[in-house]
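Below is one structure; the comments refer to it alone.
The values are calculated or read from the model by the stated rules, or taken from the named source; none is laboratory data. In this text the structure is predicted, and so the values were computed from the model without any measurement. Cβ coordinates were reconstructed from backbone atoms using ideal geometry, including for glycine residues, and neighbour counts include every protein chain displayed.
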Amino acid sequence: MYDKYTIYLIFNLFFICKLEHNIYKYMLKFTDAVDIYDDFDKEYRRHSKGAVILAPPGSGKTTFVNNQIGERKDWIDSDNLFGDKGLNIDWVGSHNEKLSYMRADYMLEQSKQYGYKIIGALFWKYIADAVVILPYEKHLEYYSSRKDLDKTKIEKTREVFLKHVEENNIPVFDNIEDAVKFLDNK
């Protein structure tokens, strides 16, 4: 019926909200997402096998997705998956921060199972198919065009991604294109 990960996620959504707040005001539920995927089917191609690439902020993910040509794109920017569709996500500094990242893991896996290829930065403990960590100098060059990032944030997120790669033996690439080629040939 439900796999272990789904049960774990549902339990944690309930338990953390109740434990940390001792109220049910923040209870969330899983709902049918068919409307979200119907919209994505118009803009993105579903594949026989989905995939997920993770990369720190300022790595060129949005540029890569926006530069895809064709009527329907192969890769979805996770910012579109998480943000535009009203997933009730509160990323930073709130009681819901951990739950938001856990929902990101769930949505990444659900979308992958549905045949989508997603590239993004947000995760809790998700084991992606590949991770991209740009060479440091290239990353600094890319981040300089972003007003929402600073060097400290870049360095901290690189550390998080490097630790996640090492702990989970995830293939790592120094550019998005090589990660995509690897997954296309897998």
- Query: Scanning for something at positive phi and surrounded by fewer than 18 Cβ atoms within 10 Å (Cβ to Cβ), does the stretch 165-177 turn up at least one residue?
  - Reply: yes
- Item | Residue among TYR101, TYR114, TYR143 that is closer than 23 Å to ASP74 by Cα and of a type in the set (Phe, Trp, Tyr) | TYR114
- Item | Residue among LEU140, LEU99, LEU162 that is under 20 Å from THR62 (Cβ atoms) and assigned by TED's automatic domain parsing to the domain that holds ASP41 | LEU140
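Each row is one residue, and each column tells you yes or no for (1) touching a His at 6+ places or on another chain (Cβ under 8 Å); (2) closer than 22 Å to ILE154 by Cβ; (3) of a type in the set (A, V, I, L, M); (4) not in a loop (DSSP other than H, G, I, E, B).
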{"residue": "SER100", "(1), (2), (3), (4)": "no, yes, no, yes"}
{"residue": "TYR106", "(1), (2), (3), (4)": "no, no, no, yes"}
{"residue": "GLU109", "(1), (2), (3), (4)": "no, no, no, yes"}
{"residue": "GLY115", "(1), (2), (3), (4)": "yes, no, no, no"}
{"residue": "ILE119", "(1), (2), (3), (4)": "no, yes, yes, yes"}
{"residue": "LEU122", "(1), (2), (3), (4)": "no, yes, yes, no"}
{"residue": "VAL131", "(1), (2), (3), (4)": "yes, yes, yes, yes"}
{"residue": "GLU137", "(1), (2), (3), (4)": "no, yes, no, yes"}
- Message: Exactly one of these conditions fails for GLU71: (1) more than 29 Å from HIS139 (Cβ to Cβ); (2) modelled with pLDDT under 90; (3) of a type outside the set (Ser, Thr, Tyr). Give me its number.
- Response: (2)
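Please go through the stretch 148-186 and give me each residue that is in a helix (DSSP H, G or I), of a type in the set (Lys, Arg) and more than 18 Å from the chain's Cα centre (by Cα), ordered by number.
So the first thing to find is which residues in the stretch 148-186 are in a helix (DSSP H, G or I), and the list is 151-168, 176-184.
Adding the requirement that they be of a type in the set (Lys, Arg) leaves 151, 153, 156, 158, 163, 181.
Listed by number, the residues that qualify are LYS151, LYS181.
Is at least one residue of the stretch 41-60 assigned to a helix (DSSP H, G or I), over 20 Å from the mean Cα position of the chain (by Cα) and at pLDDT below 50?
So far as the stretch 41-60 goes, no, none of its residues is assigned to a helix (DSSP H, G or I), over 20 Å from the mean Cα position of the chain (by Cα) and at pLDDT below 50.
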- Item | Among (1) in contact (Cβ under 8 Å) with a residue 24 or more places away in the chain; (2) surrounded by 13 or more Cβ atoms within 10 Å (Cβ to Cβ); (3) at negative phi, the one test that PRO135 misses | (2)
